[in-house]
Each structure stands twice: as C-alpha cells, then as structure tokens.
Amino acid sequence: GDKIKEDCIRPVYTDDKLYSPKVAITVADGDTAQTKAEKLIDTIITSRKLYKGVGSPTFWTTDDVLSSMLILKDKTGNYIYKSVSDLATTLRVSEIVTVEPMETLKPRTADDGTYTIAGIMINPSDYTYGSKGAGKIKAFEDFDIDFNQEKHLMETRLCGTLTKPSSALVF
C-alpha cells in the first residue's frame with residue numbers, strides 16, 4: 001500500500017522519549033477553549049529549555065490548535081497576536097506550520113497515560129535520513145490494459161529517525 005513503514009521512517013510523535021520527550025499540558029474538565037490555548041502557549045514557552053535541537057525549531061500543529069491561539073483576546077477585546085508570525089515569536093520558534101494529517105491522529109498511550117497531540121516542535125534538519133544502495137532511484141514502466149494507459153513508477157528505499165536526544169518536543 002501507500003502507507004509509510006513506521007519501522008523505517010520513524011514518526012517523531014511515536015519516537016522514544018529520549019529523542020522526542022512528551023510534554024504534558026495539564027487541562028481540567030471545566031477549562032474553556034481560551035484557558036486551554038493559554039496553557040498550551042505557557043507550556044510551549046516554559047518547555048523551550050528542554051529542546052536540544054539545532055537552530056530555531058518550527059512548531060507543527062493543526063489549523064484548529066493554531067486558530068485557538070490566534071483568537072485569544074486581551075481584556076479590552078483586542079486580539080493578542082496580530083499574525084501567525086507574532087505568535088511564532090512569542091513561542092520562540094522560527095515559524096508555525098499547519099499539518100492536516102495531524103488532525104486525524106488517534107490519541108497515543110505513553111508510560112504516563114493517554115495523550116492527544118497538540119503540536120510538535122522540531123527543526124527538520126535534526127531528522128536524519130538514510131538510504132539503501134546510495135539512494136538510487138529505480139524507474140518502472142508498464143502498460144495497464146485495464147485502463148488503456150502507460151504507467152510509470154519511481155521508487156527508492158529510505159530510512160529516517162531522530163539521532164540527537166531531545167531534538168523534538170511533542171506537546
């Protein structure tokens with residue numbers, strides 16, 4: 001199938017806590033969406049010291065989580081963050097990127113319970129890729145009689161993982 005083999009290309013959010021520590025955001029049942037967003041922002045800022053990757057990381061999240069942070073207002077009703085880049089500066093990241101597939105991630109189980117992912121802080125340059133056969137790309141072509149068309153396929157074999165401890169933070 002089209003599924004990436006997770007034993008070859010390791011997802012950051014399921015990697016060992018040595019490489020991608022899971023940072024908990026403690027929310028209560030009665031917390032409003034605003035309170036949850038404020039707690040997320042506070043946790044990201046205070047947990048930045050745990051990040052040991054190179055350079056300035058990127059915060060990868062869903063559009064819903066990003067929106068919940070952007071709609072925060074001060075006591076006079078004005079938006080606190082005028083743009084995504086203002087929020088990124090506050091979170092001490094180079095940029096914020098929304099990732100649609102994160103919206104469908106099922107809650108994960110860790111040593112300390114079940115968690116839902118709000119976002120991942122990582123610099124993509126900390127993710128190491130490798131390949132079998134020096135990364136050679138193989139090309140295939142064939143005629144598909146069922147659809148009366150020529151089909152072309154290119155493939156390569158890759159592996160990838162984090163290799164530096166605490167080079168990603170999963171919130």
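The values are calculated or read from the model by the stated rules, or taken from the named source; none is laboratory data. Here the structure is a predicted model, which is why all the values come from computation and not from measurement. For neighbour counting, all protein chains shown are included, and Cβ atoms are generated from backbone atoms with ideal geometry for every residue, glycine included. Heads up: the accessible areas ignore ligands, DNA and RNA and are worked out on the full protein's heavy atoms, side chains in. Shrake-Rupley method; radii C 1.70, N 1.55, O 1.52, S 1.80 Å.
At a glance:
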| read-out | value |
| --- | --- |
| Label of the coordinate-derived value, Rg/Rh (Cα atoms, Kirkwood Rh), listed as (i) 0.97; (ii) 1.44; (iii) 1.08 | (iii) |
| Where the range 1-56 is the region considered: accessible area per residue in Å², 1.4 Å probe | 66 Å² |
| Reachable aspartates and glutamates, given that their alpha-carbon falls under 14 Å from the alpha-carbon of K22 and they are not under 8 places away in the same chain | D111, D112 |
| Whole-number percent relative contact order across the range 1-77, with pairs defined as alpha carbons under 8 Å at least 6 apart | 31 percent |
| The chain - percent of accessible surface contributed by carbon and sulfur, probe 1.4 Å | 53 percent |
| Relative contact order (%) - the chain, alpha-carbon pairs under 8 angstrom, separation at least six | 33 percent |
| Top of D142, D31, D126 by mean-square fluctuation, Gaussian network on the chain, Cα under 10 Å | D142 |
| Relative packing of peptides 144-155, 97-108, 4-15 - highest average C-beta neighbours within 10 Å first | 4-15, 97-108, 144-155 |
| Karplus (6.51, -1.76, 1.60) ³J(HN,Hα), θ = phi - 60°, over the range 88-93, in Hz, Gly and Pro reported as x | 4, 4, 4, 7, 6, 10 |
| Mean residue ellipticity (222 nm) of the chain, computed from DSSP H runs ≥ 4 via -39,500 (n - 2.57), nearest 500 | -5500 deg cm²/dmol |
| Tilt relative to the chain, helix 33-47 - C-alpha long axis, 0 to 90 degrees, to 10 | 80 degrees |
| Proximal aspartates and glutamates to K164, defined as alpha-carbon separation beneath 20 angstrom and excluding residues fewer than eight positions away on the same chain | E6, D7, D15, D16, D126 |
